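Input: a single structure, listed below in structure tokens.
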Amino acid sequence: MIEINPSQVTPKFTTLFERGIPTGIRCIAVLGGGNAGRIFVDDLADPRLGYVWEQDDGTLYQGGAVDAAQLLEMVALLRQTGIVALAFRENDPMLDIFPPQPDAGAECLELERAASGSDLTPHLQLPAGYQVFHLSYELIEKSPRLGDTLARYVGLESYLESGLGICLLHGDEYVCTARADMEVDKVREVGIITEPAHRGRGLGTIAVAHLLNWCDELGCSTYWDCARYNIGSVKIAHKLGYGNQREYRLLAWFPPRKEVRIG
């Protein structure tokens, strides 16, 4: 397999990956250079097999004439530097070629909201003392989640060019950050992180509502992904009008444990 960068990705290579696979929008965002990751192809001129690994969550996407031996090799390579996860739906035949002995598994949900698909007005009111801002270079650099941002995106400049972000502040204190990844076929993936001291007050819902209001102004639909048992995340999505809920599962392989020798 040959490793390439997003500038080398061709339309023919992109067609190897089905948009309807779990978190498929994230795969295309890596191919487009918005989200950080690694891209592999068997033959760039005439691609028949490809892999995309999304760095932040570690999901590995397969495209084309997949092969069990090649998949095993790819998982072994990528888990040297991070988590590798494979997603599947119920009765997915691809499960038969997954590597053995995963280290963990999770049940997940994905949901969708059409542009202007729900009334956000009840969720836009800010409590006294709070302010909402569009993310800027300076605000991201001061954020307690700078490391998370750098892990998910190719760089701050790239994120500000292709992504959208909202932060909620109380004075100079960060409360929560809502972000939307690069646009893929008029859809953006949305996420929210609320700082521990501010959770349980509905502030995450307010931040996401402001972000969705921005997406609505741009005519952009949005996509939501979370663990099935992340009740807080699921509640926010339902409050803000997300629907078309679909289930999928993840299996994950962690980086090999390093031996510690004493003496």
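Each row is one residue, and each column tells you yes or no for (1) in contact with a Lys or Arg (Cβ under 9 Å, 6 or more places away or on another chain); (2) over 25 Å from A36 (Cβ atoms).
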{"residue": "G200", "(1), (2)": "no, yes"}
{"residue": "G204", "(1), (2)": "no, no"}
{"residue": "D216", "(1), (2)": "no, yes"}
{"residue": "G219", "(1), (2)": "yes, yes"}
Practice problem: Being loosely packed, with under 15 Cβ neighbours inside 10 Å and part of a helix (DSSP H, G or I) is the filter here, so list the residues in the stretch 83-96 that pass it. | Solution: P93, L95, D96
Quiz item: Which fully enclosed strands (runs of 3 or more DSSP E) of the stretch 173-263 have 3 or more residues being of a type outside the set (A, V, I, L, M) and open to solvent by 70 Å² or more (accessible area, probe 1.4 Å)?
Solution: 243-253
Quiz item: Is one or more of the residues making up the stretch 141-149 under 16 Å from L211 (Cα atoms) and surrounded by 12 or more Cβ atoms within 10 Å (Cβ to Cβ)?
Solution: no
Exercise. Scan P122, P99, P144 and give me the residue that is modelled with pLDDT of 90 or more and part of a loop (DSSP other than H, G, I, E, B).
Key: P99
Quiz item: So, in the stretch 9-37, of the ones that are within 16 Å of Y153 (Cα to Cα) and hydrophobic (A, V, I, L, M, F, W, C), which residue ends up farthest from the chain's Cα centre (by Cα)?
Solution: L31
Self-check item: Residues of the stretch 32-64 that turn out to be at positive phi and in contact (Cβ under 8 Å) with a residue 60 or more places away in the chain, as a count
Solution: 2
Exercise. Could you pull out the residue among V154, V190 that is among the aliphatic types (A, V, I, L, M), within 24 Å of R19 (Cα to Cα) and without any contact (Cβ under 8 Å) to a residue 40 or more places away in the chain?
Key: V190
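The values are calculated or read from the model by the stated rules, or taken from the named source; none is laboratory data. Values in this document were obtained by computation on a predicted structure and should not be read as measured data. Quick reminder, even Gly has a Cβ in these numbers, built from the backbone with ideal geometry, and neighbours come from all protein chains shown. These area figures cover heavy atoms from the full protein model, side chains too; ligands, DNA and RNA do not enter into them. Shrake-Rupley method; radii C 1.70, N 1.55, O 1.52, S 1.80 Å.
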